[in-house]
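Participant: Please read through the structure below; I'll follow up with questions.
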Amino acid sequence: MHMLLGAQLYTVRNYVKTEQDIRYTLGKIAEMGYTTVQASALGPIAPERLREICDELSLKIVLTHIPADRLLNETEQVIREHEVLGCDYIGIGGMPDKYRTAEWYSHFAEDFREPAKKLAAAGKLFMYHNHNFEFEKIGGKRLIERLAEDFAADEMGFTLDTYWVHAGGADVVQWIEQLGDRLPCVHLKDMTVQGMTQLMAPVLEGNMNFHAILKALEKAGSTKYLLIEQDTCQGSPFDSLQTSYTNLAALGYR
């Protein structure tokens, strides 16, 4: 399966607060060569208008991150909005804090299974994005393992964030192999160091083994979208997105 490069708009979240800025920013992203985007951290904009702007720029919205409470309480409206956007993958950026505990973890699947089933019935897929805390063991089992067990593959996919897997002390390639058929979207960002401090870096500018990671994704065969996300950049987030794109394009990804 050919994997397409996309830009996760959270990277440029300070530049997408108004409709005008969203238009400028998406224009810059299209100029870099990107053909897909993840809509995340946007200021107020009607889904119809966002779709219109993206269509003008030949950008496809392939994934979103929405507040978890909207998914729970406004499921039908969320589905309708994503139909307007032409987007099949509906994600949350992590589980709300209360579920990250031994006391409350079991309620996550109870609360989110119903919305996940509604999304699936509408031809969409609920996507879970990991950080590093999902690699902590609670009751002898990592949260990410529990998530994979608690939801069926047609109820939830994983937006595997390569940096955060690595930051959790886990092996990215191993987790790609483990979650193989459940990774339609992945987040790519690299890790570098300054003294004792870990920093995020553009893809192939840090120390993570991206040649092995990309090879593992190719082999797993379920990934459609390689989304570049850099939460913190050492300089301009636009430069970071461009560097990641250029480095991956040199390997034949577009």
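The values are calculated or read from the model by the stated rules, or taken from the named source; none is laboratory data. Small disclaimer: the values here were computed from a predicted structure and weren't measured. Cβ placement follows ideal geometry from the backbone for every residue including glycine, while neighbour counts extend to all protein chains displayed. Only protein heavy atoms, including side chains, enter the accessible area calculation; ligands, DNA and RNA are left aside. Shrake-Rupley method; radii C 1.70, N 1.55, O 1.52, S 1.80 Å.
Participant: Does Q234 satisfy the condition of being under 17 Å from the mean Cα position of the chain (by Cα) and in a loop (DSSP other than H, G, I, E, B)?
Facilitator: Answer is no for this residue.
Participant: Would you pick out the residues in the stretch 214-227 that are in a helix (DSSP H, G or I) and surrounded by fewer than 22 Cβ atoms within 10 Å (Cβ to Cβ)?
Facilitator: Within the stretch 214-227, K215, A216, E218, K219, A220 meet the criteria.
Participant: Another question about this same structure. Could you identify the single residue in L5, L71, L59, L9 that is over 19 Å from Y225 (Cβ atoms), in contact with a strand residue (DSSP E or B) (Cβ under 7 Å, 6 or more places away or on another chain) and at pLDDT 95 or above?
Facilitator: Of the residues listed, the single one that is over 19 Å from Y225 (Cβ atoms), in contact with a strand residue (DSSP E or B) (Cβ under 7 Å, 6 or more places away or on another chain) and at pLDDT 95 or above is L71.
Participant: Using the structure shown, decide if Q242 is of a type outside the set (D, E, K, R) and farther than 16 Å from C185 by Cα.
Facilitator: yes
Participant: On to the next question. When only residues in the stretch 1-41 that are open to solvent by 40 Å² or more (accessible area, probe 1.4 Å) and of a type in the set (A, V, I, L, M) count, which is farthest from V203 (Cα to Cα)?
Facilitator: M1
Participant: Being open to solvent by 50 Å² or more (accessible area, probe 1.4 Å) and not aliphatic (A, V, I, L, M) narrows it down to one of Q242, Q230, so name that one.
Facilitator: Every option except Q242 fails the conditions.
Participant: Looking only at the stretch 112-130, which residues are open to solvent by less than 50 Å² (accessible area, probe 1.4 Å) and under 11 Å from D150 (Cβ atoms)?
Facilitator: F112, A116, Y128
Participant: Among the residues of the stretch 189-212, write down those that are in a loop (DSSP other than H, G, I, E, B) and within 16 Å of the chain's Cα centre (by Cα).
Facilitator: K189, P202, V203
Participant: Which residues, taken from the stretch 85-111, are of a type in the set (A, V, I, L, M), part of a loop (DSSP other than H, G, I, E, B) and open to solvent by less than 10 Å² (accessible area, probe 1.4 Å)?
Facilitator: Hit for the stretch 85-111 is M95, nothing else.
Residue-by-condition table, conditions (1) in contact with a Leu (Cβ under 8 Å, 6 or more places away or on another chain); (2) within 21 Å of E149 (Cα to Cα):
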{"position": "D181", "(1), (2)": "no, yes"}
{"position": "H187", "(1), (2)": "yes, no"}
{"position": "M191", "(1), (2)": "yes, no"}
{"position": "G195", "(1), (2)": "no, no"}
{"position": "A201", "(1), (2)": "no, no"}
{"position": "E205", "(1), (2)": "no, no"}
{"position": "M208", "(1), (2)": "no, no"}
{"position": "L214", "(1), (2)": "yes, no"}
{"position": "A220", "(1), (2)": "yes, yes"}
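Participant: Please go through the stretch 42-72 and pick out each residue that is touching a Ser or Thr at 6+ places or on another chain (Cβ under 7 Å), closer than 13 Å to H82 by Cα and open to solvent by 10 Å² or more (accessible area, probe 1.4 Å).
Facilitator: The answer is K60, H65.
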